[in-house]
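The values are calculated or read from the model by the stated rules, or taken from the named source; none is laboratory data. Note that the structure is predicted; figures quoted are calculated from it, not measured. With ideal geometry, Cβ positions are generated from the backbone for all residues, glycine too; neighbour counts draw on all protein chains shown. Calculation scope for accessible area: heavy atoms of the full protein, side chains included, ligands and nucleic acids excluded. Shrake-Rupley method; radii C 1.70, N 1.55, O 1.52, S 1.80 Å.
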Amino acid sequence: MLENMDELMLNFEDGLSKRVERLKYEYTMIRAGRANPRMLDKIYVSYYGSMTPLNQMANISVPEARMIMISPWDISTVKEINKAIMASDLGITPTDDGRIIRLVFPALTEEKRKEIVKDVKRIAEEARIAVRNDRKDILEVFKSAEKDKKMTKDELDLASDNVQKLVNKYNATIDAVCQDKEKEVMEV
């Protein structure tokens, strides 16, 4: 029997779990008609010559369902923050009063919602592909171990079955997360 098989299986499951967490994180970046501060995680602002994440320069809050309010700690950065938001792919024009920046998200059209659902499905499919690649990698390790006589054919079959059960479980989780996000996007 392969000595570190349990460790391999634990690492494999941990990797699958991280794939699902990554999917959930990516979904927080998708605009679904309501404001979510995580949408600003990818925005970097030029601050004294270095690119700094926006969430490290300001307090970000959601006072209303479709508004994000950004309160910079250093008021002199308001113009740079506005510039970074305009350059991002958010598609929102910020408004400011010199101290606080507001991002107001318009209601999504049906057409835009359907476009977003396509992106949601694409991201879920990318996660499923990553899971399949992880499965292929661990099965290659097991087949190599069987070829090197560190594992019997029966042990290989059992390990393959266990791997497939985990893959099925995590694919079902990915599908559930995807469906939840689709519902959220299609809500009016």
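A few points about this structure:
- Accessible area per residue in Å² at 1.4 Å probe, computed on the chain: 60
- Relative contact order %, region 1-135, counting alpha carbon pairs below 8 Å whose residues are six or more apart: 23
- Sequence-distant aspartates and glutamates (8 or more away, or on other chains) whose Cα lies within less than 15 Å of Lys150: Glu3, Asp6, Glu140
- Dipole size of the chain about its Cα centre, with +1 on Lys/Arg Cβ and -1 on Asp/Glu Cβ: approximately 560 debye, rounded to the nearest 20.
- Computed over region 1-59: relative contact order in percent, which uses C-alpha pairs under 8 Å that are six or more apart: 17
- In order along region 137-145, the Karplus-derived 3J(HN,Hα) couplings, from 6.51 cos²θ - 1.76 cosθ + 1.60 at θ = phi - 60°, round to 5, 6, 5, 5, 4, 5, 5, 5, 5 Hz, and Gly and Pro are given as x.
- Cα long-axis angle, helix 78-87 against the chain (0 to 90 degrees, to the nearest 10): 50
- Neighbour cut-off at most 16 other Cβ (10 Å), DSSP loop, chymotrypsin sites (Phe, Trp or Tyr not before Pro), region 1-85: Tyr48, Trp73
- log₁₀ of I(q)/I(0) at q = 0.18, 0.20, 0.25 Å⁻¹ - region 56-112, Debye sum with one point per alpha carbon: -0.60, -0.73, -1.05
- Since only Leu54, Tyr27, Leu103 are under comparison, the one whose Cα sits farthest along the positive direction of the charge dipole of the chain, derived from C-beta charges on Lys, Arg, Asp and Glu, is Leu103.
- Of Lys121/Lys165; Lys42/Lys112; Lys112/Lys183; Lys114/Lys165; Lys18/Lys136, those spanning more than 25 Å from alpha-carbon to alpha-carbon: Lys114/Lys165
- Contour excess over end-to-end distance, with Cα ends at Glu110 and Asn59 and 0.36 nm allotted per residue: 15.1 nm
- Region 24-91: Cα Rg divided by the 2.2 N^0.38 Å rule of thumb: 1.08
- Of the solvent-accessible surface of the chain, computed with a 1.4 Å probe and all protein chains present, 50% belongs to carbon and sulfur.
- When only Cα pairs below 8 angstrom with a gap of at least 6 residues are kept, region 71-168 shows a relative contact order of 16 percent.
- Calculated FRET value between Lys121 and Arg38, using beta carbons and R₀ = 22 Å, to 0.05: 0.65
- Taking the C-alpha atoms only, the angle from helix 5-28 to the longest principal axis of the chain is near 20 degrees.
- Cα-Cα pairs of the chain separated by more than 31 Å (percent): 40
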